[in-house]
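The values are calculated or read from the model by the stated rules, or taken from the named source; none is laboratory data. Because the structure is predicted, anything quoted here is derived from the model rather than measured. We place every Cβ from the backbone using ideal geometry, glycine too, and count neighbours over all the protein chains shown. These accessible areas exclude ligands, DNA and RNA; they are computed on the full protein's heavy atoms, side chains included. Shrake-Rupley method; radii C 1.70, N 1.55, O 1.52, S 1.80 Å.
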Amino acid sequence: MDKNKTNPQNLTTQVVQAADCIFERLRSEISRIGSGGRSNSHIFFIFGASGDLAKKKIYPALWWLYRDGFLPEHIRIIGYARSQLTIEKIFENAKKFMKVQEDEHEIFEKFVSINSYINGSYDNKEDFEKLNNEANKLSKQESAHRLFYLALPPSVYESVTELISLHCRPKSPGWLRLIVEKPFGKDLESSNKLSTHLSKFFTEEEIYRIDHYLGKEMVQNIIVLRFANQILSRVWNRDSIAAVIIIFKEDIGTQGRGGYFDEFGIIRDVIQNHLMQILSIVAMEKPNSTKGEDIRDEKVKVLRSVLPIKPEDVVIGQYVGDKDSKDPERQQGYLDDKGVPKDSTTPTYAQVILSINNERWAGVPFILRAGKALNEKKAEIRIQFRDSPGGMFEEDASQQDSNHKLARDELVIRVQPNEAIYLKVNTKRPGDMGFSIEETELDLTYGQRYEGVKLPDAYERLILDVFMGSKINFVRSDELQEAWRIVDPILAEIEKKNIPMIRYKFGSFGIREAFDAAAKHGYIFRGTYVWKNERSATIANEEQTKAENKK
């Protein structure tokens, strides 16, 4: 008898053991890379070490990698910013995001000991020379490998990168890797300008443009799901798929950061990068291998096939406060943020519908939808299949549904929260004597199937990729150029106020006009299906309400 079928604990143990084996291979690979050649020291520089990104994401990710044995043995971490700070103050600010456990204090102190901080300007060569001298002193090696993370505003990218290249390069055989945070420009022109500038001082192999969505577990799993399963690869085309929708929702507003957001808006901040990257992975042809360049070649090819967006296929909106809410944040609209101009036309919600002009996808709408201040936090990909041909069950369906049609099958990849892959299908209602049909799911919820397995944070994955020299999950310059080419004309139309701005209330499900546009292009939302996690939450709420009413 297969014990795994009768004892789920055995299965969980095997999953955890398999994960441990993978971790050991990664540690060995890091060790091999670190000891290659005559240079086995590494220095990780964090530019903008006093900022939110460093505090909330970069320092915690480096700590988790160090704790789990994924950083090279001989490594120093140097924070750099203009602020007059100490490394003790930086860790005081960052520690609550690091989730240090009671039994980890000893190793955490060792991690703190390999960190230091230097303050300096972003445009003074003497400060960069001082930084270089300090790095040589700490590593005791002028040829130590160097990784530079730019957690900085784009306005200083040009001066900082030029000075790094001129004054902080390691001596041979040490290598340099530059990690650049989005936004990569504000439009096609500024993006090309930045790329041209970087190419003067760095090779493309040295540049790692980081989009943290590419480090998320479920985004990385799309490639395996598509190309390692024959059952899916055979139907992944226009003959079987009716529509693809990629959704990003946040249940928070700008939270006082409206000044920054207003410069970019939801299209630049989410659609041009996160959602466009997901689209390219969902729609690309099968790469020759899992090597980074082969995968990125295919992503570029499919982006080049995206047709210009029609203004009528764009819906934009801006949230207003919900004056009936008891939550002070929800009472505030976008224009109530102190950093936002009162006449701002920057969208906080947008939907664009794309068409891909190739043999696989001609006629299939790709709907990209993103919004802030909505009813929930969620990111997911929904692959909706075409209607089942023939009318065998239509009479039975008509007794349950005014549409008189069976619900479409839908493959859903839940990126966050509660990572999952589930296939919505029609099934016979249990216990019914006829053929009454209901919607249910074939479910792979990661928290249940892989209970006990730690899913690394996206920044952990991507920083580890940089150490290992893997560029699969980073954006190449030609990918970036194509993504800007697609959205640039729409941004111009918005600036000319040629696309109407629709107001929506904080906490809304979305914008009705966006749903209508998606339906017009063939995406059918029936509203009759609730995912099992949401069903459980509804039942729990109902039981809690009943209990409170009894009191």
Correct choice for semi-axes √(5λ) of the Cα gyration tensor in Å that was computed from the model, options (i) 42, 29, 25; (ii) 50, 34, 23; (iii) 51, 28, 18: (i)
Can I get the semi-axes of the stretch 253-380's equivalent ellipsoid? Compute them from the C-alpha gyration tensor as square roots of 5 times the eigenvalues, in angstrom, largest first. 35, 15, 13
Once the Cα atoms of helix 157-167 and of the chain are each reduced to a long axis, what angle between those two axes, in degrees from 0 to 90 to the nearest 10, is obtained? 40 degrees
Would you mind estimating how fast the stretch 189-258 diffuses translationally, via Stokes-Einstein at 10 °C and 1.306 mPa s with the Kirkwood radius over Cα pairs, in µm²/s? 95 µm²/s
Quick one: work out the % antiparallel among DSSP beta bridges in the chain, nearest 5. 50 percent
For the stretch 38-181, the per residue accessible area (1.4 Å probe, Å²) is 44 Å²
Listed residue (TYR66, GLN332, TRP175) projecting farthest to the positive dipole end of the chain, Cβ model: TRP175
What are the ³J(HN,Hα) couplings of the stretch 200-214, residue after residue, when phi is run through the Karplus curve with 6.51, -1.76, 1.60 and θ = phi - 60°? Round to Hz, x for glycine and proline. 6, 10, 9, 7, 4, 5, 8, 9, 10, 7, 9, 10, 4, 5, 6
Of the residues PRO500, ALA144, TRP361, the Cα lying farthest along the dipole of the chain towards its positive end, which is defined by charges on the beta carbon of Lys, Arg, Asp and Glu, belongs to ALA144
Report, to the nearest whole %, how much of the accessible area of the chain belongs to carbon and sulfur atoms, 1.4 Å probe, protein only. 49 percent
Checking the cross-link filter: which aspartates and glutamates have an alpha carbon closer than 13 Å to that of LYS299, excluding same-chain neighbours under 8 positions apart? GLU285, ASP478, GLU479, GLU482
Could you state the principal axis extents of the C-alpha atoms in the stretch 165-306, from the largest down, to the nearest angstrom? 55, 45, 27
Give the separation of the Cα centroids, the stretch 106-160 to the stretch 469-500, in Å. 31 Å
LYS171-GLU205 FRET efficiency (beta carbon distance; Förster radius 25 Å; 0.05 resolution): 0.85
